[in-house]
Amino acid sequence: ALGATAAALVLPQAARAAIDEAVAAFTGGAEIGSEGITLTAPEIAENGNTVPIEVDAPGAVSIIVLAGGNPSPGVVTFNFGPLAAEQRASTRIRLATTQDVHAIAKLADGRFVQTSSEVKVTIGGCGG
Amino acid sequence: GSWSRLAAQQRLTQSDLIGTSGPGTLTVIHVTDIHAQTVPLWFREPEVNLGVGDAVGRPPHLTGAAFRAEFGIEKGSALDYALTYEDFVALGRTYGRMGGLDRIATVVKAIRAERPDALLLDGGDTWQGSLPALKTQGADMVKLFRALGTNAMTSHFEFTLGIDRVTEIVENELGFPFLAANAYDTTWDEPAYPAFELFERAGTKVAVIGQAFPYLPIANPKWLFPDLSFGIRKDRLASVVDEVRAGGAEVVILLSHNGFDVDRKIAADVPGIDVILTGHTHDAIPEPVQVGQTFLIASGSHGKFVSRVDIDVDGGAMKGLTHRLIPIFSDVIAPDPEMAALVEETRAPFKAEMSEVLGKADGLLYRRGNFNGTWDDLICDALLTERDAEIALSPGFRWGSSVMPGEDITREHVFNATAMSYPQAYRTEMTGETLKTVLEDVADNLFNQDPYYQQGGDMVRVGGMGYRIDIHAKIGARLSDMTLLSTGEAIDPTRSYVVAGWASVNEGTEGPPIWDVVEAHIRNKGTVSPSPNTSVVVAG
Amino acid sequence: MAENVTPRVRVPKTAKAGEAVTIKSLISHTMESGQRRDKDGNLVPRSIINRFTADFNGTNVIDVTIEPAVSTNPYFEFQATVPESGAFAFTWYDDDGSVYKENVEITVA
Ligand SMILES: [Mn+2]
Ligand SMILES: [Mn+2]
């Protein structure tokens, strides 16, 4: 796709702040661990308008997904009910540019855990 | 001269080339990336094939003398000619053209005479790359690979025929499994093709898992197969390996179109794969590359090589293997008459069209390499001249035959370098900034430190512009000193430039097909005189 | 009410008691983000599906809060426990106040 738009690669300060704010709103400022949550996303988006992701955090009450490189960081929040067999869900999201996608889970015991995964949004073309 | 050629060829015999079996009794034959080349051709291997990250200086990122040193190949030998680029013209005149499906058929039949159970596996990029394949929508190649006795294949450029044609072939014409563990439908996220086929051969249960090119919707026009998603999907691959092992597979083979560096990482990330038959990056490596308990086999491209793998199985598991990369010297290996007739039949309707002479080359035309080859320069010159542009962009395709100095350039040669389903030669304006963004993006898809971010093409070829590149830098910082060659001035980020190119992945791209542009240019020039391209400087 | 909004779900017809089943849901919807401009340069107003819920026999399985960064035709896949025969109730909530529902029965053998 020669001629597509440019990719911003350094997260502007404002976007970083927006992410921090969204995280704080979800966690209430609690400490965040890193074990027990998985975010599966493609290395390179086939289409930035529809990027498949899956989050999995056994025992989570809810999982929030954030994308700081988008115009606003919120993406989706999964709240798991009593009949959720696993605390795992998939969806498809929009990514404006190459960025880290973040997932933060609130566990049943009130702890928070997070992970992130970089998804590259490329112009593409010119394969071999 | 003819004396040295005769002497060289007398030292080579068909039976020496094909060899005999190793200790293993399960025999697998691998061909890949034939790009619809059915008759012997000239094909020069890369001079520049740079590795990054962990791959620096390791196969396949070795060329010329370093390649010879790694594998103990004598300079000027037949294998040197087949596997490296140096003295290509002189050695070519000695050892002759390589490939040809009729010669490959001879090799396959010879192996099967000894091992009737031998599996023949095709790594894909089979149905695209020639005028007959383009005009028959791959029908010629499907017919030939059926006749060859292919047992399974995976894919890449196959999908550029469009999903309807692929479906038609897979359902009605192919006659053997079309495997892709990593192809999913985009609506319900369910597997679009069978992931594997279980064979029982030589008393052994062997699973062949297919892995199509992961970056199809990015590197090729996704509108041609809008409902498919690919990706590496290593977790899926791991679960398929578990599934086939649970189903009794004693040997697990991954028939892959990932590209070599991606497969090297897969071998480390996904346990339980015995052999990866790699494809896409067109590397020919004379020995298996071992990663943990997995062996990677790279069998080249364009029909230049056939790999024979003899696997020793004992107690329900692979104990070891021997690999022979068989070079298809067309003057040494006798054509199989049946296949020769079939190849002739598929070419006959297009023979007059293909053999038309368009001009002459007074130097070698070749494409393979990370940066511009002389074929690319010719295509870029054609775009600059015929489409009246300041800058030309040509994709980093790795396919296309070479043309020897003094040889007539025929229409077949041009199609060998350009035949595909999105050939429109566009003409547009781009700012200097956009040009930089495009080149940085492509460079990152080639030189990213992490193989899973490498799409395995070569760098986009550029005409009318020079640049300097540090391949080890990060995206956005690799390119510098972008210069408009016609004026010698630095590219201005804010100025608009007239850019011509082809093979855009965008739907609705307009322009004449690139082969018409190149043909007109060659006819106008009469004789094409390639010269070394010094406008790209590789730093670091 | 937005046009051509069609919900679709994939639920197995049968399950064993207490078994986890995979549910896939999709609703055709443009998911106008509110950040896009039309050809005259004016912002196109936001109009999205902002919430999706799945319940089984009145008990919640999943309740999803959706932002404009979720793609066109929002897709969700998740795992539900099915304790007895009954019906899944899926509900999508549109910014424009529309509510779309789909019920699917499942038999526990
Ligand atoms: Mn190829
Ligand atoms: Mn390929």
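The values are calculated or read from the model by the stated rules, or taken from the named source; none is laboratory data. What you are looking at is a predicted structure, and each value in this text was computed from that prediction instead of being measured. As a convention, Cβ positions derive from the backbone with ideal geometry for all residues, glycine included, and neighbour counts pool all protein chains shown. The protein model used for the area step is the full one, side chains on, heavy atoms only, and it has no ligands, DNA or RNA in it. Shrake-Rupley method; radii C 1.70, N 1.55, O 1.52, S 1.80 Å.
Put simply, the C-alpha atoms of the protein assembly as shown give a gyration tensor, and the ellipsoid matching it has half-axes of 47, 33, 23 Å, longest first. Let me make sure I get this right: for segment B:219-316, a, b and c are the square roots of the gyration tensor eigenvalues over alpha carbons, sorted descending. Under 1.5 in a/c it's rounded, otherwise prolate if a/b > b/c, else oblate. Which is it? In terms of gyration-tensor shape, oblate. Centre-to-centre separation between the Cα atoms of segment B:38-82 and those of segment B:120-171: 28 Å.
Using the beta-carbon distance between C:LYS101 and B:THR494 and R0 = 41 Å, what value does 1/(1 + (r/R0)^6) give for FRET efficiency, to the nearest 0.05? Numbers along the way, then the final one.
Numbers: r = 54 Å, r/R0 = 1.32.
Calculated transfer efficiency: 0.15.
Mind giving me the FRET efficiency for B:SER486 and B:SER77? R0 is 41 Å, r the Cβ-Cβ distance, nearest 0.05 is fine. Could the numbers behind the result be given before it?
Values: r = 44 Å, r/R0 = 1.07.
Given R0 = 41 Å and the Cβ-Cβ separation, E is 0.40.
Computed from phi, the 3J(HN,Hα) profile of segment B:38-53 under the Karplus parametrisation 6.51, -1.76, 1.60 (θ = phi - 60°) reads 9, 10, x, 9, 9, 8, 8, 6, x, 8, 10, 9, 8, x, 10, x Hz, with x in place of Gly and Pro.
Under the definition of partner shielding as Cβ atoms of other protein chains within 10 Å of a residue Cβ, what is the mean value for peptide A:36-46?
Details: counts 0, 0, 1, 0, 2, 1, 9, 12, 14, 3, 11.
For this peptide, the per-residue mean of nearby foreign Cβ atoms is 5.
Not counting the cut sites, what is the longest span of chain A without GluC sites (Glu not before Pro) that DSSP labels loop and that have at most 11 other Cβ atoms within 10 Å? Mind dumping the intermediate values first?
Values: sites that count: A:GLU31, A:GLU35.
Here the longest run is A:36-128.
Would you please give the FRET efficiency between C:THR59 and A:ASP109, computed as 1/(1 + (r/R0)^6) with r the Cβ-Cβ distance and R0 = 30 Å, to the nearest 0.05? Show your work: numbers first, answer last.
On the way: r = 22 Å, r/R0 = 0.74.
The formula returns an efficiency of 0.85 here.
Relative contact order for chain C: 33 percent, from Cα pairs under 8 Å spaced at least 6 residues apart, divided by residue count.
Between the helical axis of B:260-269 and the longest alpha-carbon principal axis of chain B there is an angle of about 50 degrees. At a probe radius of 1.4 angstrom, the accessible area of segment B:125-197 per residue rounds to 30 square angstrom.
Quickly estimate the mean residue ellipticity at 222 nm for the protein assembly as shown, helices only: each DSSP H run with n ≥ 4 gives -39500 (n - 2.57), and the total goes over all residues, rounded to 500. Could you put the intermediate results ahead of the total?
Working: 19 runs with 178 residues, N = 777.
That comes out to -6500 deg cm²/dmol.
Give me the one-decimal nm value for the distance between modelled label points at B:VAL357 and B:ALA268, 7 Å along each residue's Cα-to-Cβ direction. Using points 7 Å along Cα→Cβ, the separation is 5.3 nm.
DSSP beta bridges confined to the protein assembly as shown are antiparallel in about 80 percent of cases.
Contact residues in segment B:204-241 by the 30 Å² criterion (accessible area, 1.4 Å probe, full protein complex versus chain alone): B:TYR215, B:ILE218, B:ALA219, B:LYS222. What angle do you read, to the nearest 10 degrees and between 0 and 90, between the alpha-carbon axis of helix B:432-447 and the longest principal axis of chain B? Between the helix axis and the principal axis of chain B, the angle is about 20 degrees. Over all other residues within a Cβ to Cβ distance under 14 Å of C:PRO83, the charged ones net out to -2, with Lys and Arg as +1 and Asp and Glu as -1. When both segment C:68-109 and segment A:35-55 are represented by their alpha-carbon centers, they are found 22 Å apart.
Can you tell me how segment B:88-233 classifies by the Cα gyration tensor, rounded, prolate or oblate, using a/c under 1.5 as the rounded cut?
Working: a/c = 1.97, a/b = 1.28, b/c = 1.54.
Judged from the Cα gyration tensor, segment B:88-233 comes out oblate (a/c at least 1.5, b/c at or above a/b).
Using a probe radius of 1.4 Å on protein heavy atoms only, what is the accessible area buried between chains A and C, both sides summed, to the nearest 100 Å²? Summing both chains' loss of accessible area gives about 2200 Å².
Angle check, please: helix A:13-27 long axis (alpha carbons) against the longest principal axis of chain A (alpha carbons), in degrees 0 to 90, nearest 10. Around 20 degrees separate the two axes.
Could you tell me whether segment C:6-108 comes out rounded, prolate or oblate from its Cα gyration tensor? Rule is a ≥ b ≥ c as square roots of the eigenvalues, rounded for a/c under 1.5, then prolate if a/b exceeds b/c, otherwise oblate. Because a/c hits 1.5 or more and a/b exceeds b/c, segment C:6-108 counts as prolate. Run the numbers on segment B:181-326 and let me know its relative contact order in percent, using alpha-carbon pairs under 8 Å that are six or more apart. Across segment B:181-326, relative contact order equals 18 percent.
At a probe of 1.4 Å, how much accessible area disappears from chains C and B on forming the pair, both sides counted, to the nearest 100 Å²?
Details: alone 6620 and 19520 Å², together 25580 Å².
The C and B chains share an interface burying roughly 600 Å².
Among the listed pairs B:LYS304/B:LYS360; B:LYS234/C:LYS13; B:LYS436/B:LYS525; B:LYS109/B:LYS143; B:LYS143/B:LYS304, which are separated by more than 22 Å between their Cα atoms? Walk me through the numbers before you get to the answer.
Details: B:LYS304/B:LYS360 25 Å; B:LYS234/C:LYS13 30 Å; B:LYS436/B:LYS525 31 Å; B:LYS109/B:LYS143 17 Å; B:LYS143/B:LYS304 20 Å.
Correct reply: B:LYS304/B:LYS360; B:LYS234/C:LYS13; B:LYS436/B:LYS525.
Between the amide H of A:ILE93 and those of A:VAL51, A:ILE53, C:SER71, distances stay under 5 Å, these residues lying 5 or more places away or on another chain, with hydrogens modeled in the peptide plane.
Projecting the Cα positions of B:ALA539, B:ALA66, B:TRP502 onto the charge dipole of chain B (unit charges on Cβ atoms of Lys, Arg, Asp and Glu, taken about the Cα centre) puts B:ALA66 furthest along the positive direction. Our note on the geometry: Cα centres of segment C:1-55 and segment B:451-505, 41 Å apart.
PRE reach from C:VAL108 (point 7 Å along Cα→Cβ): which of segment C:48-89 fall under 12 Å by backbone N? Counting backbone N atoms under 12 Å from the label point, the list is C:57, C:81-87.
Amide hydrogen proximity for C:GLY34: with H placed 1.01 Å from N in the peptide plane, the residues at 5 or more positions away or on another chain lying under 5 Å are C:ARG46, C:SER47.
Keeping the other protein chains in place, figure out the carbon and sulfur percent of the accessible area of chain B, with a 1.4 Å probe. Intermediate results must be reported in sequence, preceding the final value.
Working: 8900 of 18110 Å².
Carbon and sulfur together cover 49 percent of it.
The antiparallel fraction among DSSP beta bridges confined to chain B stands at about 65%. If you roll a 1.4 Å probe over segment C:6-108 with all protein chains in place, what percent of the accessible area is carbon or sulfur? So the carbon and sulfur contribution to the accessible surface is 46 percent.
Residue by residue along A:85-98, Cβ atoms of other protein chains within 10 Å of the local Cβ number 6 on average. Here's how it looks for B:THR27: its modeled amide H is under 5 Å from those of B:LEU119, B:ILE311, which are all 5 or more places away or on a different chain. What the phi angles of segment B:339-348 give under the Karplus curve with 6.51, -1.76 and 1.60, with θ = phi - 60°, is a coupling list of 5, 4, 5, 5, 4, 4, 4, 6, 8, 3 Hz, glycine and proline written as x. With θ taken as phi - 60° and the Karplus curve 6.51 cos²θ - 1.76 cosθ + 1.60 applied, the whole-hertz 3J(HN,Hα) list for segment B:454-471 is 9, 8, x, x, 9, 4, 3, 8, 10, x, x, 9, x, 7, 10, 9, 10, 5 Hz, x standing for glycine and proline. Peptide B:155-161 shows a mean partner chain C-beta count of 1 within 10 Å per residue C-beta.
Semi-axes of chain A's equivalent ellipsoid from the Cα gyration tensor, sqrt of 5 times each eigenvalue, largest first, rounded to whole Å? Please report the intermediate quantities before stating the final value.
On the way: eigenvalues 157, 59, 22 Å².
The equivalent ellipsoid of chain A has semi-axes of 28, 17, 11 Å.
As a ratio to 2.2 N^0.38 Å, the alpha-carbon radius of gyration computed for chain B takes the value 0.93.
Full-extension gain between B:SER239 and B:LYS319, please, as 0.36 nm times their residue separation minus the C-alpha to C-alpha distance. If you can, show how the numbers build up before the last one.
On the way: separation 80, 0.36 × 80 = 28.80 nm, distance 2.30 nm.
Between B:SER239 and B:LYS319, full extension yields 26.5 nm more.
Buried accessible area between A and B (1.4 Å probe, both chains summed, ligands and nucleic acids excluded), in Å² to the nearest 100?
Working: alone 7680 and 19520 Å², together 24670 Å².
Adding both sides of the contact gives about 2500 Å².
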